[in-house]
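This report refers to the structure that appears directly beneath it.
Please treat every number below as a calculation from the coordinates, not as lab data. None of these values were measured; they are calculated from a predicted model. We place every Cβ from the backbone using ideal geometry, glycine too, and count neighbours over all the protein chains shown.
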Amino acid sequence: MAGHHNFQILAILMAILSFMSITILANVTLKNVSIDVTEDNLYTLSRATHNTLANIDEPIVIDFYVSPLLYEELPSLANYADRVRELLLRYSEIARGQLVLNIYRPGLFTVDEERAMEYGLQSIPVNVNGDPVFLGLAATNSTDDLQVIPFFSPDRERFLEYDLTKMIAALSNPQKPTVALIGTLPLNADPARQNRPWFVYEEIKEFFEIRRHDGIFSAIDDEFDIIFIALPGKLSEKELYAIDQYILGGGSALILIDPLPEMSIRSIYQLGEELDSGALEKLFGAWKLDVDVEHVVGDSQLAQRIRVRERGRDRAVRYLPWLALRGSSFNKDDVITRDVNQINMASAGSIELLEGAKVSISPLLSSSLQSMRIDVDRIQFPPDAFGLIDEFVSEERSFTMAARINGHVPSAFVSGPPLDPDGTLSDIFHNRLHRTESVAPINVVVVADTDILFDDLWAGAEQIGRDVQIRPFASNAQFILNALDSLHGSIGLVDLRSRGILSRPFQRLEAITRKAESRYRSSEKLLTEKLAETESRIRSARIDNSGAIVLTEKQFEILRELRGEADDIRNELRGVQLSLREDIERTKLWLTVVNIGAMPVVVICVALFLVVVGRAHPARREQKP
Amino acid sequence: MVATSSVIFRRELMAYFSTPVAYVFIVIFLILAATATFFIGDFFERNQADLKPFFNFHPWIYLFLVPSVTMRLWAEERKTGTIEFLMTLPVSSGAAVIGKFMAAWAFTGIALALTFPVWVTVAYLGNPDHGVIAASYIGSWLMAGGFLSLGACLSALTRNQVIAYIITASACFMFLSSGLSMVRDVFQGWAPTLLVDVLASFSVLTHYQNITRGLIDVRDLIFFGSLIVLGLVANVAIIDLRRSP
């Protein structure tokens, strides 16, 4: 019997040992064997990554640093570190020897730790001693170009593949396409932000060599692959001619203009720049393109909420010109907008074709059918959100706010290059070919908003040591990069940029709020006006014609009546404002109650039913074997 | 053995629903899960059509509820003496253990399936990633299976259901929290680093969270599968150990 006991105990010990060894063995050997069931295949390597890794010409060396202390002190981060390491190993496998991965585990006061610091990797202090831990990498190519990811923050997990592939693409193609930046927008150095560049500029720099095309110019240098016109100021005829000829000659252009660059206007004036929203009118006129900068698009369905103070209370209200574009606002057939998730715009203009246009426009960003054009002078500061809602009358049509322009166009300078003030042709144009029409269909994207680039509209930032990590919450930068990428047509990271920005809001609740607002807004307005009128009557009743302070009995009576009336209106107004929230609160309450209570009630009912049936047919129960 | 197991499975599953305890368990589970989601998990405030607040609480809800399912599995049989009767029948210990475990797992699966209104709710309110939700349900059910197998095995150690409950809850907590820093701190310093790392890889929470991201990794499946098998094998061995004089 003792033998039998020993056998059972041995079996238990063997089971424990087997469990431990199987788990450990699986952890070590079965890497990257998984099924990605996410709708957007978030964890499956994208085509862009495969292409990038397959096209590495010269070997790239990645030195990955992960401190052993991390595993001891920060297990949750260690889990993420393992994920990064596994992804790097997978990259290395796909690259077939063109990606050499070295994994270093820098201990305290070691050569590896020193080298990590030399590369500029960021450490974070852990434990009571503040010991540093590293989780970053440094990558180099054969020409010693260096790319560093100072710290892998779990907050950027969704962007992990994007960050790594972007880095490898930059190392395997050190020659970046060049972009000429023209315009007044302080993208590269904003005085309102201590001359710091905008995040979107930093993002563009990762893939493109972007330089300001400063000074007065009469031609766009051939070295530039794309021109990026961001809010043009006053342009001379020669400068406009240079842009015209560049585009006609097959050059690509991304043009952003704006009826109201409200986010950057202070910086622009601070820089002494002069705004001219019609700077490119001559060019657009020749293309028969109408970019309306006199009106902004207001959209009751896509409007963002802002906080405004009304009658001493903060209220969230839809501000019609500020839009959060989603779903059907994007052209899903165009690579630029195919995978974007949300784009935020502020006071955008609209684009349409004029009669007789030879070009066609392919909308990229459009408003919903619940839109109207609002005169730009109506948009002031502080924003009159309520006023705009009251005046809103849908034009029952969608407006295009960004579009690709396709087709052949004539030159805006039909009679040749612009002449000097004395009527002569400048020497610079003498031996230069004048194009009267485009040599090929033009390659241009026009966006009728520049605030789309502004940091606060699409990203937040986190400071990690000396490094600032951008955390996007909307796809604005992705849209701009996709547009530049598509215009140049060489980098091919478009399908990777969509990764990471995922917002799945409760659309149903948003729709209920919109419906309630439109239902109650008119009665709210009526009551507010009535209250203002009663208050003014109270004020005038208190002032006696003779200027006497003591009120007569009759005046006192009138005053009392008016005050009562004002109180009633206030009560009624409060009721209406409450009703605004009522629909949404009712839906939430209903859903909460159903979720918490409905199923338990059903279970209890089933139990009671079975008890009753059991009592009614005891015999049947007993007959059961 | 399969046929015998399936007979025991059916008998056990029916037995669950012949007492009010099962209904009470399901009702408590449903109320706890929904209340945690809507009140602690800030379901509406997050304004995101996903079920993260719902699934985040499952490990902690199981920690309290799974031991209450498993405590009676063998402890009750031993206390009432029916285990002796069971063992006189032509039923192998393995078949009995598997049958009982499968019934408990199916019962938990029914309780989990009855939470479907929350999935319907989130689909009504927005456009959730159904793949992630389906994976999370699978992960949750596997985690329940791991805890149940552990609990069933520990229930065979004692006649006292309260003791069975307490040791199961403690063991589940150990597996749940082995990746947490406070547990590592206990081993840090005296145990070798390898052992501490190995311990962390046994964290149910880490494996569960991996699945709820929407990525079904074979390592996570192997972990839960081998945890279930470990519980079952140990359970059979303990029953045989107790059966023999």
Dipole of chain A, Cα-centred, from +1 at each Lys and Arg C-beta and -1 at each Asp and Glu C-beta, to the nearest 20 debye? 3020
Over the range A:509-597, what is the relative contact order in whole percent, taking alpha-carbon pairs under 8 Å and six or more residues apart? 49
Taking square-rooted eigenvalues a ≥ b ≥ c of the alpha carbon gyration tensor, is the range A:509-597 rounded, prolate or oblate, where a/c under 1.5 means rounded and, failing that, a/b exceeding b/c means prolate? prolate
Dipole magnitude (debye, nearest 20) for the range A:44-158, charges at Cβ of Lys, Arg, Asp, Glu: 480
In what sequence, highest mean first, do A:353-359, A:226-232, B:110-116 appear when ranked by Cβ atoms within 10 angstrom? A:226-232, B:110-116, A:353-359
Residue pairs, from the table A:Lys238/A:Lys282; A:Lys234/A:Lys288; A:Lys515/A:Lys588; A:Lys332/A:Lys358; A:Lys234/A:Lys282; A:Lys176/A:Lys205, whose Cα atoms sit over 19 Å apart: A:Lys234/A:Lys288; A:Lys332/A:Lys358
Using only the alpha-carbon atoms, what does the range A:44-158 span along each of its principal axes? Please give whole angstrom values in decreasing order. 46, 31, 18
Which residues qualify? For A:Val126, with a placed amide H closer than 5 Å and at least 5 residues away or on another chain, they are A:Asp131, A:Val133
Return A:Thr110, A:Thr424 ranked ascending by Cβ neighbour count within 10 Å, so the fewest neighbours appear first. A:Thr424, A:Thr110
Work out the length of the dipole vector of the range B:15-77 about its Cα centre, built from +1 on the beta-carbon of each Lys and Arg and -1 on the beta-carbon of each Asp and Glu, and round it to the nearest 20 debye. 40
Per the Cα gyration tensor, the range B:2-243 corresponds to an equivalent ellipsoid with semi-axes, largest first in Å, of 31, 23, 16
Residues A:Trp590, B:Trp119, B:Trp60, A:Trp198, sorted so that the one with the fewest Cβ neighbours within 10 Å comes first: A:Trp590, B:Trp60, B:Trp119, A:Trp198
List every residue whose amide H lies under 5 Å from the amide H of A:Leu353, counting only residues 5 or more places away in sequence or on a different chain, with H placed 1.01 Å from N in the peptide plane. A:Asp290
Projected onto the charge dipole of the protein assembly as shown (+1 at Lys/Arg Cβ, -1 at Asp/Glu Cβ, origin at the Cα centre), which of B:Ile31, A:Ala11, A:Gln507 gives the Cα projection farthest towards the positive end? A:Ala11
State whether the range A:299-344 is rounded, prolate or oblate according to the following rule on the C-alpha gyration tensor (a ≥ b ≥ c being the square roots of its eigenvalues): a/c under 1.5 gives rounded; otherwise a/b larger than b/c gives prolate, and the remaining case gives oblate. prolate
Given R₀ = 45 Å, FRET efficiency for A:Glu114-A:Met20 by Cβ-Cβ distance, to 0.05? 0.75
Given the peptides A:177-188, A:279-290, arrange them by the average over their residues of other C-beta atoms within 10 Å, most packed first. A:177-188, A:279-290
Taking Cα pairs closer than 8 Å and at least 6 residues apart, the relative contact order of chain A in percent is 12
Within a 10 angstrom radius of each residue's Cβ in B:216-225, how many Cβ atoms of other chains show up on average? Whole number is fine. 6
Using +1 at the C-beta of Lys and Arg and -1 at the C-beta of Asp and Glu, which of A:Ile22, A:Leu108, A:His430 has the Cα lying farthest in the positive direction of the dipole of the protein assembly as shown? A:Ile22
Which FRET efficiency, nearest 0.05, do A:Ser394 and A:Leu608 yield, Cβ-Cβ r, R0 51 Å? 0.45
Per 0.36 nm of contour for each residue apart, how much would the distance between A:Ser415 and A:Val308 grow if the chain were fully extended, relative to their Cα-Cα spacing? 33.2 nm
For B:Val2 paired with A:Ala192, estimate the spin-label separation in nm (one decimal), with each label point 7 Å from Cα along the Cα-to-Cβ line. 7.2
Average beta-carbon neighbours from other chains, 10 Å sphere, peptide B:126-133: 5
Given a cut-off of under 8 Å on Cα pairs at least six residues apart, what relative contact order in percent is computed for the range A:107-161? 27
In whole Å, what are the Cα extents of the protein assembly as shown along the three principal axes, biggest one first? 119, 95, 55
Exercise: per-residue mean of other protein chain Cβ atoms within 10 Å, A:25-38: 6
Relative packing of B:17-28, A:62-73, which averages over residues the other C-beta atoms within 10 Å, highest first: A:62-73, B:17-28
I want the antiparallel fraction of DSSP beta bridges within the protein assembly as shown, as a percent rounded to 5. 70
Of A:Asn571, A:Leu559, A:Ser518, which is farthest towards the positive pole of the range A:509-597's charge dipole, taken about the Cα centre with +1 and -1 on the beta-carbons of Lys, Arg and Asp, Glu respectively? A:Ser518
